[in-house]
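Structure, as structure tokens:
The values are calculated or read from the model by the stated rules, or taken from the named source; none is laboratory data. Every value quoted in this text rests on a predicted model; they were computed, and no experiment measured them. Every residue, glycine among them, receives a Cβ derived from its backbone with ideal geometry; neighbour counts consider all protein chains shown. Just the protein is used for accessible areas: all its heavy atoms, side chains included, with ligands, DNA and RNA removed. Shrake-Rupley method; radii C 1.70, N 1.55, O 1.52, S 1.80 Å.
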Amino acid sequence: FEGDDSELDPVLEPWCETEEFSAWWVSIGLLAGLRGRAILALPKKEKGKLPLVIAQHGIGSSPERVFGLDDPSDIYKGYGRRLVEEGFAVIAPMNITQGAPRARLERLCKLLGKTLWGLEIYRTQRLLDYLEERREIDIERTAMYGISLGGAYTMFTLPVEQRIGAGIVCAWFNDRRYKMAVDDPRYSCFLSVDEEHIWIPGWLREFSDSDLASLICPRPLLVEQGKADGIAWWPLMLREYEETSEHYRRLGIEERIEIDLHEGGHEIRLDKSLDFLRKWLRP
């Protein structure tokens with residue numbers, strides 16, 4: 001999605017203050033009067049420039065849920081708050097969150113030969129432009145950690161945004177051909193659900209998840225996936241992961257790709273991801 005050189009014009013509104021961190025709603029200019037929003041949280045006790053994690057929520061969710069609010073099933077584990085308490089700066093961008101509004105905007109974008117996905121990826125890039133200017137942030141130590149739809153955005157954003165040095169894809173990674181177009185009682189197939197926004201022209205013709213990951217390689221990548229998560233039949237997902245790992249093996253950098261294949265469902269786990277972020281973002 002190409003911008004029109006609109007001014008960033010950042011506006012900050014206080015959102016949350018604790019003993020551990022301060023957080024604000026941030027809005028920035030995108031294009032043609034559109035603005036993007038996110039929650040920015042900074043730890044209070046850390047000194048020096050901070051590593052940054054882009055914490056991207058899933059569909060039907062919100063940046064607030066990233067920080068543990070309005071999450072009765074504890075799917076998110078308050079992972080944004082946990083990351084700030086670990087000493088990371090956290091930016092949690094707000095996507096269009098419900099299926100029907102996403103479909104409406106996707107139709108408008110397609111009339112322009114664009115996609116909503118491209119606009120929201122551009123929003124994340126503009127947030128990075130803003131954070132690059134803040135003295136607290138070390139933009140060269142940036143990772144993206146997204147769940148579900150946020151995992152999709154992690155997969156799509158890293159190939160086009162080189163400032164993001166590592167990625168964690170939670171509850172999204174899949175054999176894309178089966179997930180998009182082959183009904184199966186063992187997992188949900190997009191062909192048979194009402195999520196119009198997911199139909200990106202040419203997707204299956206051009207790339208699968210392992211192909212996208214090849215554009216992330218050689219940057220570190222962690223796949224976080226539950227065997228009980230109905231988005232995927234985990235043996236199919238694991239086969240796609242092995243194809244992805246081959247890109248790293250051929251370069252002799254197997255240590256840069258990991259999987260946390262756990263027994264749980266559609267959820268953030270943090271079992272391996274915190275160690276992964278400490279490993280790749282700490283100086």
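Would you calculate the separation in nanometres between label points at residue 13 and residue 196, each defined as 7 Å from the Cα along the Cα-to-beta-carbon direction?
It works out to 2.9 nm between the two label points.
What does the charge dipole of the range 3-50 about its Cα centre add up to, to the nearest 20 debye, if the Cβ of each Lys and Arg holds +1 and the Cβ of each Asp and Glu holds -1?
With only Lys, Arg, Asp and Glu charged at Cβ, the dipole is about 240 debye.
Need one word for the range 87-169: rounded, prolate or oblate. Basis is the Cα gyration tensor (sqrt eigenvalues a ≥ b ≥ c); a/c below 1.5 gives rounded, then a/b vs b/c decides.
Prolate is the answer for the range 87-169, as a/c is 1.5 or above and a/b outweighs b/c.
Could you point to the residue in 89, 178, 236 farthest towards the positive end of the chain's charge dipole, with +1 and -1 charges on the Cβ of Lys/Arg and Asp/Glu respectively?
So the residue we want is 89.
Could you point to the residue in 60, 41, 78 farthest towards the positive end of the range 30-79's charge dipole, with +1 and -1 charges on the Cβ of Lys/Arg and Asp/Glu respectively?
Most positive-ward Cα: 41.
Pop out the carbon and sulfur fraction of the accessible area of the chain as a percent, whole number, probe 1.4 Å.
For the chain, the apolar C and S fraction of the accessible surface comes to 51 percent.
Using a 1.4 Å probe, what is the accessible area per residue for the range 237-283, in Å²?
With all protein chains present, the range 237-283 gives 53 Å² per residue.
Could you tell me what percent of the DSSP beta bridges with both partners in the chain are antiparallel, to the nearest 5?
45 percent
Multiply the residue separation of residue 239 and residue 162 by 0.36 nm, subtract the distance between their alpha-carbon atoms, and state the gained length in nm to one decimal.
Length gained between residue 239 and residue 162: 25.0 nm.
Using only the Cα atoms of the range 170-283, each taken as one equal point scatterer with no solvent, compute I(q) by the Debye sum, divide by I(0), and report log10 of the ratio at q = 0.10, 0.12, 0.14, 0.20 Å⁻¹.
Taking Cα atoms of the range 170-283 as identical point scatterers yields -0.32, -0.45, -0.62, -1.15.
For the range 1-146, report the accessible area per residue in Å² (1.4 Å probe, heavy atoms, rounded to an integer).
Per residue, the range 1-146 has 46 Å² of solvent-accessible surface.
Quick one: putting +1 on the C-beta of Lys and Arg, -1 on the C-beta of Asp and Glu, what dipole do you get for the range 94-241 around its Cα centre, in Debye to the nearest 20?
200 debye
What are the ³J(HN,Hα) couplings of the range 28-39, residue after residue, when phi is run through the Karplus curve with 6.51, -1.76, 1.60 and θ = phi - 60°? Round to Hz, x for glycine and proline.
9, x, 10, 6, 6, x, 6, 10, x, 10, 6, 9
Probe 1.4 Å, all protein chains in place: accessible area of residue 182 in Å², nearest 10?
60 Å²
Got a sec? Charge dipole of the chain, +1 on Cβ for Lys and Arg, -1 for Asp and Glu; which of 112, 164, 23 is way out at the positive end?
It is 164, whose Cα lies furthest towards the positive end.
Run the dipole for the chain about the Cα centre, Lys and Arg Cβ at +1, Asp and Glu Cβ at -1, nothing else charged, and hand back the magnitude in debye, nearest 20.
Its charge dipole is roughly 260 debye.
Bin all alpha-carbon pair distances of the range 24-135 at 5 Å intervals from 0 and give each bin's fraction as a whole percent.
Percent of pairs per bin, in order: 2, 11, 20, 21, 19, 13, 8, 4, 1, 0.
Taking the alpha-carbon distance from residue 44 and a cut-off under 15 Å, which aspartates and glutamates remain once sequence neighbours fewer than 8 residues away in the same chain are dropped?
17, 19, 20, 85, 86, 136
Give the long-range amide H neighbours of residue 15: residues separated by 5 or more places, or on another chain, with amide H under 5 Å away, using H modelled in the peptide plane at 1.01 Å from N.
Those lying under 5 Å, H to H, from residue 15 are 23, 24, 25.
Tell me which label goes with the value of Rg and Dmax of the Cα atoms in Å computed from the coordinates here: (1) 18.0, 52; (2) 21.6, 72; (3) 21.2, 65.
Checking each listed value against the structure points to (1).
Just report the Cα centroid separation between the range 231-273 and the range 101-148, whole Å.
Cα centroid to Cα centroid, the span is 24 Å.
Is there a pair in 45/272; 47/279; 227/272 whose C-alpha atoms are over 21 Å apart, and which pairs would that be?
Violating the 21 Å Cα-Cα cut-off are 45/272.
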